[in-house]
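Report on the structure given below.
The values are calculated or read from the model by the stated rules, or taken from the named source; none is laboratory data. Just so we're clear, the structure is a prediction, and the values are computed from it rather than from any experiment. Here the Cβ is made from the backbone with ideal geometry for all residues, glycine too, and neighbour counts use every protein chain on show. Side chains included, ligands, DNA and RNA excluded: accessible areas come from the protein's heavy atoms. Shrake-Rupley method; radii C 1.70, N 1.55, O 1.52, S 1.80 Å.
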Amino acid sequence: MSEKNKAYALFSDRDFWKKLVKITLPIAFQYLMLASVAASDALMLVNVEQNAMSAVSLATQVQFVQNMFISSIATAGSILGAQYWGKKDNETVGKIFSLLIRFNVVISALFFVGCIVFPRELMLIFTNEESLISIGIQYLRIAGWSYLLTGISQCYLTVMKVSDHVAQTAVISSSAVIINIFLNAVFIYGLFKIPAMSVEGAAIATLIARIYELIVCVLVSLKKGYIRLKLTQLFAKMGVLTKDFIKCMWPLLGAYLFWGVGFTSYTAFMGHLGEDAAAANSITAVIRDLVCCVCDGLAGGAGIIVGNALGAGKLEDGKRYGIKIAKLAFIIGIGSALVMYILTPVIINTVDVTEQAREYLLQMMLVMGFYMIGRCVNTIVINGVFSAGGDTLFDMYSLAICMWGIAVPLAALGTFVLDWPVFVVYACTCLDEVGKIPWVMYHFRKYRWVKDLTR
């Protein structure tokens, strides 16, 4: 093997693997713990009532949409922050922190007002079942307060990740998740002589966990070696940096909204196909999010590793890392598909749902296994490698064509016009990720993402 080929071989670079494992594992664990909250909500509420689980799953789509805005802002900060940290420009990383706070406070306040003032209108977007709407309203009126805090804590966690404190973010998020799950059990079932509150209990648990997370983030950031939020920077003019930030953020926001609203549409389609379809889709979504933790963690780690190298001016190293990560994405995708198929009989025989919902669940899990290959490859390459070099427009274009040009219209047609079976409609919602792979890899080989964004 030539020296050049050896450099790009997947398992030949110990330094690369050391960096990847150090950064990726804490992020993957953090995603796993966050997904565990949704899993615990679903498992606990389904034991109380199937409709309670379905309604909360639909109601949390509001936060899912909010997360699209927060994620676009956080990802833009992560892209620029990773490159400036690689350049060892800590002062600019601090300014990026301030920009994150400015944008996220506005977004969080808007969603908070929506949940508190217009909960019925928000639930009507996702379902026309009055039984689900009334339960969802109870959840949103309490959980909406937590949406006010989420954006701010994500700013702290983003800056910690890019400034070599990935493990600390995993500890903070994981401890918040543990508190959330524990309080879920306490408030949903009424442990320790506390009255059982079902859906409202789940919302209260979420709110308390978010309060804890934000307080710990602020306290940890005050320690030596951490980037602190400076009030002077929070209100200072940062014309050039703000321009770079917005230039990076807008394509991300477009992509996240395309993806987020599209995914929310899928949930709404299932909600309009009946309570059993909504229940099966809710459970499948929880399992999908749990299995996706590895690819989400690798995408986050890829963005930091490749971004650090590019920001330091080591473009060839950044390219080499990106190629290795793209190869690894296919391995993770195939492995995730196998995990889905292994889990299918366990899930089918464990959940307490109607026989019709169980049948839908089996069909959805079989489709989901195939979907996972595309999901993992696209997430890691687009959100990790491409974003690291500021190549953020491609994601928006690919979603506009594959999701909104193919998957969403077909699923909508099947739901509201042609009355297709639930299985067929669900399969339509999974077309976009699988169909995108050839296009993604073609764009990858153009290497437009090999770019230094720092000034």
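Viscosity 1.002 mPa s, temperature 20 °C: give me the Stokes-Einstein translational D for region 60-201 in µm²/s, with Rh taken as the Kirkwood radius over C-alpha pairs. In µm²/s, the coefficient is 127. The label-point distance for LEU124 and ARG455, in a model that sets each label 7 Å from Cα toward Cβ, rounds to 4.7 nm. Computed across region 158-279, the Kirkwood hydrodynamic radius from all distinct Cα-Cα pairs reaches 18.4 Å. A simple spin-label model places pseudo-atoms 7 Å from Cα toward Cβ; at ILE194 and LEU393 they are separated by 5.1 nm. First measure r as the distance between the Cβ atoms of MET441 and TRP250, then evaluate 1/(1 + (r/R0)^6) with R0 = 25 Å and state the FRET efficiency to the nearest 0.05. Approximately 0.50, to the nearest 0.05. Extension gain, LYS22 to TRP404, is 133.8 nm, computed as 0.36 nm per intervening residue step minus the present C-alpha separation. Taken over region 299-409, the convex hull of the Cα atoms encloses 108 Å³ per residue.
Packing, taken as the mean count of other beta carbons within 10 Å per residue, orders the peptides 361-367, 156-162, 308-314, 341-347 from highest to lowest as 156-162, 308-314, 361-367, 341-347. Once the C-beta distance of VAL424 and PHE235 is scaled by a Förster radius of 45 Å, the resulting FRET efficiency is 0.25 to the nearest 0.05. Compute the distance in nm between two label points, each set 7 Å from the Cα along the Cα-to-Cβ direction, one at PHE182 and one at VAL106. For the pair PHE182/VAL106, the computed spacing is 3.9 nm.
Helical content of the chain, expressed as a calculated mean residue ellipticity at 222 nm, amounts to -27500 deg cm²/dmol (DSSP H runs of 4 or more residues, -39,500 (n - 2.57) each, divided by residue number, nearest 500). Give me Rg over Rh for region 86-141, both radii from the alpha carbons and Rh done the Kirkwood way, two decimal places. So for region 86-141, dividing Rg by the Kirkwood Rh gives 1.34.
For a 4.7 Å threshold on C-beta separation, the list of partnerless cysteines in the chain reads CYS115, CYS155, CYS217, CYS248, CYS292, CYS293, CYS402, CYS428, CYS430. Counting Cα-Cα pairs of region 137-201 in 5 Å increments starting at 0 gives whole-percent bin shares of 4, 15, 17, 20, 16, 12, 9, 5, 1. Around the Cα centre of the chain, unit charges on the Cβ atoms of Lys, Arg, Asp and Glu (plus for the first two, minus for the last two) sum to a dipole of about 2400 debye. Between ARG14 and VAL339, the contour length at 0.36 nm per residue exceeds the alpha carbon distance by 114.3 nm.
Taking region 385-411 and a reference point 7 angstrom along Cα→Cβ of LEU366, no backbone N atom is nearer than 17 Å. Quick one: with all protein chains in place, what share of the accessible area of the chain is carbon or sulfur, to the nearest percent (1.4 Å probe)? After summing per-atom areas, the C and S share lands at 67 percent.
Only helices at least 15 Å long along their own axis, judged from Cα atoms, and with Kyte-Doolittle mean hydropathy of 1.0 or greater: name those in the chain from DSSP H. Correct list, ordered by number: 90-117, 166-189, 198-221, 293-311, 315-348. For the chain, the solvent-accessible area works out to 41 Å² per residue, with a probe of 1.4 Å and every protein chain left in place. When its C-alpha radius of gyration is set against 2.2 N^0.38 Å (N residues), region 205-361 gives a value of 1.43.
Measuring nothing but alpha carbons in the chain and taking Rh as the Kirkwood radius, the Rg to Rh ratio lands at 0.96. Taking every alpha-carbon pair under 8 Å whose residues sit at least 6 apart, region 321-455 reaches a relative contact order of 31 percent. For the pair ASN90 and ARG448 in one chain, pulling the backbone fully straight at 0.36 nm per residue adds 126.2 nm over the alpha carbon distance. Judged by the mean number of other Cβ atoms found within 10 Å, the most tightly packed of the peptides 143-155, 376-388, 185-197 leads the ranking 376-388, 143-155, 185-197.
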